[in-house]
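**Q** Following this message is one structure expressed as structure tokens.
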Amino acid sequence: MNKKNYRKVGSLEVKSGVLIVGDPAYLPEWDNNADVEFNTYPDRAGDYSYLGAAEAVLSPHGAGILGEGKAIALTARAKLGNRTYPVFAQYDDQGEIISITIDIVD
């Protein structure tokens, strides 16, 4: 990663091999699927849920949209799996954030 105008802004802990990026305003709608047996669930592709995220990261792309755009699920299993990942922000010349990078390769 070219680190020009980048600054580390924090770290992200991953325990399930899955990263979720989304607006926290939707968190009350999240379904953790606590009452569903993982191996017997119906197709949950696209659901805003733990099983929807699992389906997304197990897809050929290793990622997918959840809840009609409420979040995106990305796999971390392809690179380093469960651990803490550094998070960087890139800034423009006025000091505004223009991109966020979660470095799963570092």
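**Q** Tell me which of these Val9 doesn't satisfy, since it passes every other one: (1) modelled with pLDDT under 85; (2) in a strand (DSSP E or B); (3) not basic (Lys, Arg).
**A** Going through the list (1) modelled with pLDDT under 85; (2) in a strand (DSSP E or B); (3) not basic (Lys, Arg), Val9 breaks only (1).
**Q** Same structure again: What are the residues in segment 23-36 that are of a type outside the set (A, V, I, L, M, F, W, C), on the phi < 0 side of the Ramachandran plot and touching a residue at least 12 places away in the same chain (Cβ under 8 Å), if any?
**A** Correct list: Asp23, Tyr26, Glu29, Asp31, Asn32.
**Q** Report yes if Gly52 is at pLDDT 85 or above and at positive phi, otherwise no.
**A** Considered against the rule, which asks whether it is at pLDDT 85 or above and at positive phi, Gly52 comes out as no.
**Q** Could you identify the single residue in Leu27, Leu51, Leu74 that is under 15 Å from the mean Cα position of the chain (by Cα) and more than 28 Å from Pro86 (Cβ to Cβ)?
**A** Leu51
The values are calculated or read from the model by the stated rules, or taken from the named source; none is laboratory data. Quantities reported herein were computed from a predicted structural model and do not represent experimental measurements. Here Cβ is always computed from backbone atoms with ideal geometry, including for glycine, and neighbour counts include all displayed protein chains.
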